[in-house]
Each structure stands twice: as structure tokens, then as C-alpha cells.
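The values are calculated or read from the model by the stated rules, or taken from the named source; none is laboratory data. No experiment lies behind these values; they were computed from the predicted model shown. Methodologically, a virtual Cβ is constructed for each residue, glycine included, from the backbone with ideal geometry; neighbour enumeration extends over all protein chains shown. These area figures cover heavy atoms from the full protein model, side chains too; ligands, DNA and RNA do not enter into them. Shrake-Rupley method; radii C 1.70, N 1.55, O 1.52, S 1.80 Å.
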Number of protein chains: 2
Amino acid sequence: MRVLVPFDAVDPKTRLSAVLSPDERRAFARASLKDVLAALDAIGHDPEVLTTDSLDIDSPVIVDDRPLTPAINDRLATSDEPVAVVMADLAIVTAAALDRLFSADGDVVIAPGRNGGTNALVARHAGFRVDYHGASIRDHRAAARRVDADVTEIDSFRLAIDIDEPDDLVEVLLHGDGRAAAWLREHGFELATDDRVRAVRR
Amino acid sequence: MRVLVPFDAVDPKTRLSAVLSPDERRAFARASLKDVLAALDAIGHDPEVLTTDSLDIDSPVIVDDRPLTPAINDRLATSDEPVAVVMADLAIVTAAALDRLFSADGDVVIAPGRNGGTNALVARHAGFRVDYHGASIRDHRAAARRVDADVTEIDSFRLAIDIDEPDDLVEVLLHGDGRAAAWLREHGFELATDDRVRAVRR
């Protein structure tokens with residue numbers, strides 16, 4: 001199984017700009033990437049980071065500056081083994097959640113993310129291609145049907161939560177125990193529960 | 001096992017006011033309640049609806065107009081069997097997700113919701129009490145520790161998604177297949193994926 005972790009090395013997590021500087025966004029995104037790589041490593045995978053620019057990290061790196069969809073589809077078209085794609089911003093992912101993804105039967109195994117995303121997938125069918133634009137979970141169900149591939153969906157909160165917006169930091173503070181959660185705490189973030197639950201910076 | 005489904009019969013889902021009238025909110029909330037009751041029924045439970053006002057529905061009803069926390073804690077304090085609490089606004093819940101909740105070992109089994117909520121729980125420990133205010137998942141972990149109860153957390157997207165805000169309707173349209181999803185479609189809601197994924201009403 002080939003395991004790809006796409007990563008934006010240049011300008012990641014732009015929707016966190018209201019609470020993090022560009023350098024901080026890069027550092028936080030990298031902490032989250034390392035958490036994902038560590039969880040994959042813990043269940044015996046050797047992930048490759050598919051990055052938009054060179055990256056100094058202790059994992060194999062493939063640089064491809066194209067958008068996500070063609071970059072992944074190139075690997076799907078040319079791989080002679082199953083391919084998994086796990087997003088780098090799954091900052092509360094656990095080895096147990098990933099193990100459920102990889103252990104599930106199905107030509108195509110998909111883990112829905114909030115708001116229509118596909119946060120992780122395993123493709124064991126040679127004809128399956130991705131399309132990450134729009135409500136990708138719906139498009140991936142249809143893409144699998146088109147090539148007659150069986151689809152299994154993984155029902156996981158930890159795979160569903162990607163960290164895009166300031167409100168998502170609440171999930172990292174409540175459920176994360178890796179580098180991303182530590183980075184937030186070291187940089188002054190904590191939970192506030194006054195009017196509603198949110199992440200504030202002191 | 002006693003299974004309680006709390007329900008606001010008077011003014012439910014106020015944060016959907018931007019897209020639904022008061023009557024529509026009541027109808028949608030009721031559709032979601034029925035989906036939750038049907039999923040519980042499918043795995044052999046006989047849920048009781050813990051409602052703030054009388055309710056004409058084909059399930060046992062307990063009327064208690066107190067806030068959620070004391071209403072639940074009263075039942076926890078007086079029940080001589082385990083008590084489960086499953087929220088009525090889990091509009092994409094499945095019998096399979098609930099089965100994972102009920103099958104899990106642990107004195108206290110909790111399913112985290114987004115933004116710190118506790119969307120479902122099973123209490124098998126006589127000393128455990130709930131507190132739904134604020135980041136309840138954190139408080140429930142602590143409450144279990146205080147009475148020396150083992151805690152198991154259920155990692156489920158379908159248990160984590162409660163329908164509070166207009167953006168949450170996206171999840172119902174993408175992942176729901178019960179009455180709540182049908183109600184939305186019948187009332188003109190559909191998915192838009194132009195700039196971002198959202199639920200629009202035609």
C-alpha cells in the first residue's frame with residue numbers, strides 16, 4: 001500500500017489567518033503533519049509526503065506543485081498497488097482511527113470530513129480517480145459507482161475533523177494529544193467556555 | 001438499559017431561525033427526533049422521550065420542563081439500571097453508530113460532539129452525573145474520573161454531528177437518509193457547491 005499525505009508547504013491553512021501569522025500557520029501545519037505521519041507510522045505504514053514545495057522532514061517527500069486532484073490522480077493512474085490518501089490537517093487523528101480506515105474492506109474506502117470533504121481514502125480499484133473540488137465525498141461515491149467499485153465509508157469523528165478555521169482549534173484543544181495540540185498550548189491558546197465554547201489566545 | 005432522548009418541544013433549534021420559521025423548526029426537529037428513535041428501535045432499544053412539554057408521538061414520553069442537566073441527573077440518581085442519553089438532533093445517526101455506543105465496554109461511554117458537546121452517553125456507574133453546560137465532553141471525562149469510573153470514547157462522525165446551525169444542514173443533505181433529510185428536500189433545501197459547500201433553499 002502506498003500512503004500519500006498531501007501538504008501545502010508554501011501557504012497552508014489560510015483560513016487560520018485571523019488568529020495565526022503566516023509563519024505560525026506554517027509551524028502549526030507542520031506540527032499537524034507530523035502527528036498524522038506519526039499515527040501512520042504507529043500502525044506500520046511508510047507514508048510519503050506529497051508536497052507543493054521542498055520540505056525538510058524525516059519522511060520521504062515528493063514535490064508536485066500541481067493542484068491536489070491531478071497530483072493524486074497521477075499516482076492513482078501509475079501505481080501498481082493500492083493507494084491511500086490521508087490529509088495532513090487531521091490534527092486529532094489517532095492510530096486507532098487510521099487502523100479502521102486501512103482494515104476496512106472495499107475497493108474504495110472513504111472517510112467523510114465535515115462540509116463534504118474526503119479526509120482520508122484507500123483506493124484498491126485501478127479505475128478510481130479523485131476530485132477534491134466541492135462536495136468531494138459525494139463525487140467520490142459517484143466516481144466509485146462509475147467504475148463499479150464497492151465503497152465503504154468509515155464513521156470516524158477523528159477522521160472527519162480537519163483543521164481549517166479558528167473554531168476548529170477547539171477540537172484540537174479538547175481531543176488532540178500530539179504536536180499540534182502542544183503547539184497551540186505553547187502559543188497561548190486555551191479553551192474558553194464563557195458564552196460559547198471557543199479557542200482564545202491569551 | 002433505560003434510553004432517554006431529550007427533546008425541546010417548545011422552541012427547538014433556535015440557531016436555525018435564519019433559515020426556518022418557528023413552525024418549520026418544530027417540524028424539522030421532530031423529523032430528526034423520529035430518525036433517532038427509529039435508529040434506537042432498530043437495534044432493540046425502547047427509548048423514552050424526555051420532553052419539555054407534551055408531545056404527540058408514538059413512543060413513551062416523560063415531561064420535565066427543567067433544564068437538561070437536572071432533568072437527566074434525576075434519572076441517573078434514581079435508576080437502578082444503566083441509563084443512556086442520546087440527543088434528538090443527531091439527524092445523520094445510524095443504527096450501526098448507536099450499536100457501537102451501546103456495545104462498548106466502560107462504566108461511562110461518551111460520544112463527543114463537535115465544539116465540546118456530548119451527543120450520546122451510556123452511564124453504568126451509579127455515581128456518575130452529567131453537566132451539559134459548556135465543554136461538556138471535558139466535564140464528563142472529569143466527572144467520571146471523580147467517581148473512579150472507566151471512560152470509553154466512541155469515535156463516530158455520525159454521533160458527533162448534531163444539527164445546530166444552517167451550515168450543519170449540509171451534513172444532513174450529504175449523509176442523511178431518513179425523515180430529517182427528506183423534510184429538508186421537501187422544503188426546498190439542496191446542496192450548493194459554487195464558492196463553498198453549503199445548503200441553500202430554492
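Below are the figures for this structure:
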read-out	value
Mean Cα-pair separation over length for the range B:1-62, i.e. relative contact order, pairs under 8 Å, 6 or more apart, %	44
Candidate lysines - alpha carbon under 30 Å from B:LYS34, same-chain residues fewer than 8 apart omitted	B:LYS13
Choice from A:ARG66, A:ARG179, A:ARG141 with maximal GNM fluctuation in chain A (Cα, 10 Å cutoff)	A:ARG66
Mean separation of Cα contacts under 8 Å (6+ apart) over length of chain B, as relative contact order %	22
Whole-percent pair-distance distribution, where bins are 10 Å wide, for the alpha carbons of the protein assembly as shown	5, 22, 31, 26, 13, 3, 0
Neighbour net charge for B:PHE28 - beta-carbon separation under 14 angstrom, K R +1, D E -1	-3
7 Å along Cα→Cβ, label-point gaps from B:ASP167 to other copies, nm, shortest first	0.4
Peptide A:151-158, shielding by other chains (average Cβ, 10 Å cutoff)	6
Percent of beta bridges antiparallel (DSSP, chain A, rounded to nearest 5)	50
Unit charges on C-beta of K, R, D, E only; dipole of the range B:104-202, Debye	160
Within the range A:103-130, backbone nitrogen closer than 13 Å to the virtual label 7 Å beyond the Cα of A:ASP148 toward Cβ	A:126-127
Per-copy distances of the B:ALA126 label point, shortest first, in nm (7 angstrom along Cα→Cβ)	6.5
Relative contact order of the range B:81-129, pairs being alpha-carbon contacts under 8 Å that are 6 or more residues apart, as %	45
Pairwise burial B:A, computed as accessible area of each alone minus the pair, summed, 1.4 Å, Å²	2200
Nearest-to-axis residue of chain B, judged by beta-carbon position, where the axis maps B onto A, in Å	B:PHE157, 3
Whole-angstrom gap from the range A:55-83 to the range B:75-141, using each part's C-alpha centre	41
For the protein assembly as shown: accessible area per residue (Å², 1.4 Å)	42
Cα gyration tensor category, rounded, prolate or oblate, for the range B:38-126 with a/c compared to 1.5	rounded
24 Å tail of the calculated P(r), chain B, as % of Cα pairs	38
Shortest-first nm distances, A:THR69 label point to equivalent points in other copies (7 Å, Cα→Cβ)	4.8
Choice from B:THR14, B:THR94, B:THR52 with maximal GNM fluctuation in chain B (Cα, 10 Å cutoff)	B:THR14
Lys/Arg +1, Asp/Glu -1 at C-beta; the range A:1-87 dipole; positive extreme among A:VAL61, A:LEU16, A:SER79	A:LEU16
Placed amide H near A:LEU50: partners under 5 Å, 5+ positions off or other chain	A:VAL5, A:PHE7, A:ILE62
